[in-house]
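To keep things clear, I will list the structure first and then write my remarks on it.
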Amino acid sequence: MAAHKLDTRVIVITGASSGIGQALAECYAKDGIVLGLTGRNQARLQNVVLTCQGKGAHVIWSVLDVTDRQGMAQWLGALDDEYPIDLVIANAGISAGTGGVLIGEDPAQVRHVFDVNLHGVLNTVEPVQERMIARGRGQIALMSSLAGYRGWPGAPAYCGSKAAVKIYGESLRGVLKKTGIRVNVVCPGFVRSRITARNAFPMPFLVEADKAAHIIAKGLKKNKGRIVFPAVSGVMSWFFMVIPDFVAQYLLSFSPDKSVENG
């Protein structure tokens, strides 16, 4: 790998083999960009890599699970040694729910959802954070969800994990502001992807993945603390936060059940 150049923007995206992660990689890919991409599915990830290379980006990639704390630290450290990372997008995540069958969720599923959606974010952010602080520059984006605004009975672990990411990211933004590090929390509604394709219920205001990627990229460029879309879904999520709890619980009792683990 060639030496890092000052005019090169280095972007790391986890969960880049499909969905929003894939769309973000393809959105950012162009001449002069170095992309660090990870995903669990080698075939799909390789296809994304080829597409990004075809757009002129230099791509460094690895089939890596974000729950592998040591593996993530080693890979990110090696990448940052040669190409100091400007932007890391902790995107990887899985979706899961009760499937309308279980009373609650299977304990193993609950722990796995939190491991991927929350610990996976920490495993992505922590190895890069101190290096960025030392350089006095950098940007960290954490993928939450509008599901993190209010607990939905059909997906306790998913909502809980995304709420944790949201609050952690908002707090981290305040902590790192004085260091020159930008922190942004992304809260999408329904986005068309391999994961949402399995949802057997209506998904209002569904956003295409490429449109979602452009919204996120624009929000990151503007350093928006919270990137929420689509706007109507954001307002609805806020509404469920502020109305009396008994009203919210009643309305949410009619909500559909999310399928069991889907990642």
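Coordinate-derived values only; no laboratory data. For clarity, every value in this text was computed on a predicted model and none was experimentally measured. Quick reminder, even Gly has a Cβ in these numbers, built from the backbone with ideal geometry, and neighbours come from all protein chains shown.
Could you list the trypsin sites (Lys or Arg not before Pro) in the stretch 208-240 that lie in coil according to DSSP, counting only those with at most 11 other Cβ atoms within 10 Å of their Cβ?
LYS222
Out of all DSSP beta bridges with both ends in the chain, state the antiparallel percent to the nearest 5.
The antiparallel fraction comes to roughly 5 percent.
Step by step: find N for the chain, compute 2.2 N^0.38 Å, then divide the Cα radius of gyration by it. What's the final number?
Its radius of gyration relative to the 2.2 N^0.38 Å reference: 0.99.
Please work out how much length the chain gains when fully extended from LYS211 to ASN41, using 0.36 nm per residue of separation minus the C-alpha to C-alpha distance, in nm with one decimal.
The span from LYS211 to ASN41 would gain 58.9 nm if fully extended.
If each residue of separation counts as 0.36 nm, what is the full-extension length gain between ARG9 and PHE239 once their alpha-carbon separation is subtracted?
79.0 nm
What distance in nm separates the simple spin-label points at GLU126 and GLN70, each placed 7 Å from Cα in the Cβ direction?
Each label point lies 7 Å from its Cα, and together they span 1.4 nm.
Suppose R0 equals 30 Å. What FRET efficiency, 1/(1 + (r/R0)^6) with r the Cβ-Cβ distance, do VAL232 and ARG111 give to the nearest 0.05?
The computed FRET efficiency comes out at 0.35.
For MET236, MET132, what's the fewest-to-most ordering of other Cβ within 10 Å of each Cβ?
MET236, MET132
Hey, fewest Cβ within 10 Å first, where do SER62, SER171 land in order?
The fewest-first ordering by Cβ neighbours comes to SER171, SER62.
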